[in-house]
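Okay, so here's the structure we're looking at.
The values are calculated or read from the model by the stated rules, or taken from the named source; none is laboratory data. For clarity, every value in this text was computed on a predicted model and none was experimentally measured. Every residue, glycine as well, gets a Cβ built from its backbone with ideal geometry; the counts of neighbours run over all protein chains shown. Ligands, DNA and RNA are stripped out before the accessible areas are found, and what is left, the full protein with its side chains, is counted by its heavy atoms. Shrake-Rupley method; radii C 1.70, N 1.55, O 1.52, S 1.80 Å.
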Amino acid sequence: MAANISQAEVSSVSREKIQSSLKTVLDKISVVSSKRSDVCTTRQPRLVAVSKTKPPEAVLAAYDFGQKHFGENYVMELIEKSNDEEILEKCKDIKWHFIGHLQKNKVNKVIMIPNLYVIETVESEKIAQSLNTTWSKFNKERQLKIMVQVNTSGEENKHGCNPSEVSKVVGFIKEKCPSLEFIGLMTIGSFDHDLSNGPNPDFKKLLECRDKLCEDFGLSREDIEISMGMSNDFEHAIELGSTSVRVGSTIFGARYYPNKTANGPVTTGNGPVKTTENGPEKLADDGTVKTEKNLGIGLETLSVKEKERSDQ
Ligand SMILES: *Cc1c(COP(=O)(O)O)cnc(C)c1O
């Protein structure tokens with residue numbers, strides 16, 4: 001998948017770097033979670049290592065260090081990586097989380113992923129139904145784990161269902177989708193929230209949704225996972241009660257998007273991203289710059305700090 005140069009780089013230099021960053025993140029997770037008092041103290045939060053844009057060698061480095069859960073948010077990239085020969089052979093116990101926006105026309109692709117653990121981004125009854133039907137055709141014995149993504153900030157251009165619809169969507173899944181297992185709620189939330197203004201309201205909102213579900217369906221808090229927190233706010237998210245954090249760049253380094261037409265590759269986190277009236281600009285796979293609106297791939301909160309590519 002990657003060019004020879006980047007493979008060599010990953011195997012010699014980055015392998016150790018990835019493993020030491022992974023250790024740092026795991027240590028931080030265990031320190032913050034040991035300090036939290038009343039919220040879900042029963043289990044240590046799970047770390048999902050987000051390997052998007054990174055080569056299979058990066059996944060292998062983390063896996064060899066004991067990491068089992070990995071997250072990807074582009075369907076085609078996940079298909080490629082999960083079917084990588086070395087990963088299939090050496091990472092027998094790998095657990096893939098799909099964390100990107102899921103379009104209906106990709107459902108039959110995503111459910112074929114080997115070692116797919118959970119789809120975190122179900123946002124509507126329509127997509128749940130489609131997953132349910134497709135999954136039941138191929139996997140009669142076991143249910144597909146899913147989380148419902150919530151648009152906690154209520155911005156129109158963001159993915160996820162409205163907080164007021166969570167019970168309806170979850171009810172539909174529980175009653176009408178016997179092939180799906182609802183395991184929790186997920187949000188991306190604002191990544192640039194200033195903590196001096198108090199806890200991140202997106203995170204608070206997701207916890208409110210969880211409590212409402214407990215009431216509506218007679219569930220206990222432990223029955224509902226909370227997937228929130230990324231590189232820059234996972235400790236804060238854990239303090240509030242996150243049970244699953246999705247950390248990418250802190251483990252694997254800044255993301256790197258090859259630019260096929262312009263002067264060499266573009267890295268993330270370097271310099272400002274030009275903002276147009278349609279939102280921040282992003283780099284598509286064909287090297288053209290597209291705006292958030294016409295891309296529509298669900299990376300809106302990330303795009304402010306980095307150029308993202310499309311799913312195709
Ligand atoms: C990319 C991504 C992450 C990881 O982001 P980092 O800031 O690199 O940790 C987490 N969640 C989702 C949905 C993502 O797309």
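Worth pointing out:
- Extreme residue, positive dipole direction of segment 103-144, given options V122, N108, L144 (C-beta unit charges): N108
- Inter-label distance, R142 to S231: 3.1 nm, where each label sits 7 Å from its Cα along the C-beta direction.
- For the pair K68 and E16, a Förster radius of 30 Å applied to the C-beta separation gives a FRET efficiency near 0.90, rounded to the nearest 0.05.
- Shape class of segment 113-269 from the alpha-carbon gyration tensor: oblate, with a/c at 1.5 or above and b/c at least as large as a/b.
- Spin-label pair K204/D223, simplified geometry with 7 Å Cα→Cβ offset, distance in nm: 2.7 nm
- Segment 123-246 - charge dipole about Cα centre, Lys and Arg +1 at Cβ, Asp and Glu -1, debye rounded to 20: 660 debye
- Across q = 0.28 Å⁻¹, segment 153-218 modelled as identical point scatterers on its alpha-carbon atoms has Debye log10 I(q)/I(0) values of -1.31, in the order of the q list.
- Taking 0.36 nm per residue of sequence separation and removing the Cα-Cα distance, the D93/Q44 pair yields an extension gain of 15.7 nm.
- Charges were assigned to the Cβ only: +1 to each Lys and Arg, -1 to each Asp and Glu. The resulting dipole of segment 55-177 about its Cα centre is roughly 640 debye.
- Using a Förster distance of 22 Å, the FRET efficiency for K126-I79 (Cβ separation, nearest 0.05): 0.45
- Taken over the alpha carbons of segment 95-157 as equal point scatterers, the Debye sum produces base-10 log I(q)/I(0) values at 0.26 Å⁻¹ of -1.23.
- Cα-projected label distance for K109 with D192, points at 7 Å along beta-carbon direction, nm: 3.1 nm
- Rounded to the nearest angstrom and listed largest first, the equivalent-ellipsoid semi-axes of segment 19-134 from its Cα gyration tensor are 26, 21, 11.
- Solvent exposure of segment 124-195 amounts to 48 Å² per residue of accessible area, where only protein heavy atoms count and the probe is 1.4 Å.
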